[in-house]
Amino acid sequence: MKKYIPVLKCTSLFQGVSEEEILSMLDCLGAALKSYQRGEMVIRQGDYLSDIMVLVEGKLHIQRDDYWGNSNLINIVEVGEIFGEAYAAPDSGAIVNNVIAAADSSVIFLDAKKVVTTCPSACKFHSLVVQNLFYAISQKNRKLMQKLGYLSNRTTREKLMSYLSEESGRQNSVTFTIPFNRQELADFLSVDRSAMSRELCKMRDEGLIRFERSRFTLI
């Protein structure tokens, strides 16, 4: 677990905490490391969580699958991001999504109760971690509202324009790279991949955008 300390230091949860302090806090937070192979289920819909998780290696997909096997990509978890915090509180209910390893991945589990409760040794940076957790949850709520904004558009083009405009603004550049391949983007926006690909080509031919794989330029 020690080799992932530099990754933890760069996460929103441990912002402002040194590597030495993080290492000393891990026991207090009940940290456990687990590894998953690509395609393996990390969390299954219906599970009850008592941990906050940090992805320290690999890539995860948060998706909702229906009875007939149709999948809706809710989000992608990248290295350094936390997840599961919305379901770690008492009486929060079972998780409604599956979390699947999109690549060979490693996850650090932190006992949620220990994270939000001052430990017996009174780590001086524990309160900072609690504050950081609050900010991280607020940021995730903003991202969720953004996605609801994309999905509120009726047409595939409107959804694409809304999403690409937001990404351009977030990255402060008319040229930017998105974290999705074509299928992932279609799942994320809840549109048909073929229809989305046709729409992207139309937008390119109309001089609205240029793109190469996951790299886009707004014109």
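The values are calculated or read from the model by the stated rules, or taken from the named source; none is laboratory data. Quantities reported herein were computed from a predicted structural model and do not represent experimental measurements. Every residue, glycine among them, receives a Cβ derived from its backbone with ideal geometry; neighbour counts consider all protein chains shown. Remember, those area values only see protein heavy atoms, side chains included, never the ligands or the DNA or RNA. Shrake-Rupley method; radii C 1.70, N 1.55, O 1.52, S 1.80 Å.
Please quote Rg/Rh for region 29-137 to two decimal places, taking the Kirkwood radius as Rh and restricting both calculations to Cα atoms.
Taking Rg over the Kirkwood Rh, I get 0.99.
Between Q171 and A103, 0.36 nm times their residue separation minus their Cα-Cα distance comes to what?
Here the segment from Q171 to A103 would lengthen by 22.0 nm.
Gap in Å between the Cα centre of region 1-53 and the Cα centre of region 165-201?
Between the Cα centres of region 165-201 and region 1-53 lies a distance of 30 Å.
Counting only protein heavy atoms, what percent of the accessible surface of region 150-219 is carbon or sulfur at a 1.4 Å probe?
44
What's the longest uninterrupted piece of the chain once you rule out the trypsin sites (Lys or Arg not before Pro) that are loop residues per DSSP with at most 14 other Cβ within 10 Å?
With trypsin sites (Lys or Arg not before Pro) excluded where exposed in loops, the chain gives 45-123 as its longest stretch.
How large is ³J(HN,Hα) for each residue in region 96-112, as worked out from phi by the Karplus curve 6.51 cos²θ - 1.76 cosθ + 1.60 (θ = phi - 60°), to whole Hz, x for Gly and Pro?
Couplings: 9, 10, 9, 10, 10, 6, 7, 8, 4, 9, 10, 10, 9, 9, 10, 4, 4 Hz.
Excluding V7 itself, calculate the net charge of residues whose Cβ lies under 12 Å from the Cβ of V7, where each Lys or Arg counts +1 and each Asp or Glu counts -1.
Around V7, the charge tally is -1.
Kindly provide the GluC sites (Glu not before Pro) of region 49-117 that DSSP labels as loop, not H, G, I, E or B, and whose Cβ sees at most 16 other Cβ atoms within 10 Å.
Loop-located and lightly packed - E78.
For region 97-219, report the % of Cα-Cα distances exceeding 23 Å.
48
Once you have the Cα-Cα distance between A89 and F134, take 0.36 nm times their residue separation minus that, and quote the gain in nm to one decimal.
Here the segment from A89 to F134 would lengthen by 14.9 nm.
For region 64-117, build the convex hull from the C-alpha positions and give me its volume per residue in Å³.
Residue-normalised Cα hull volume stands at 97 Å³.
First measure r as the distance between the Cβ atoms of S71 and K2, then evaluate 1/(1 + (r/R0)^6) with R0 = 45 Å and state the FRET efficiency to the nearest 0.05.
The formula returns an efficiency of 0.80 here.
Please work out the average accessible area per residue across region 83-219, using the 1.4 Å probe convention, and give it in Å².
I get 56 Å² per residue for this part.
Against the empirical 2.2 N^0.38 Å scaling, what ratio does the C-alpha Rg of the chain come to?
So the chain has a normalised radius of gyration of 1.12.
Taking every pair of distinct Cα atoms and averaging 1/r, then inverting, what Kirkwood hydrodynamic radius in Å comes out for region 21-85?
Evaluated on region 21-85, it is 13.7 Å.
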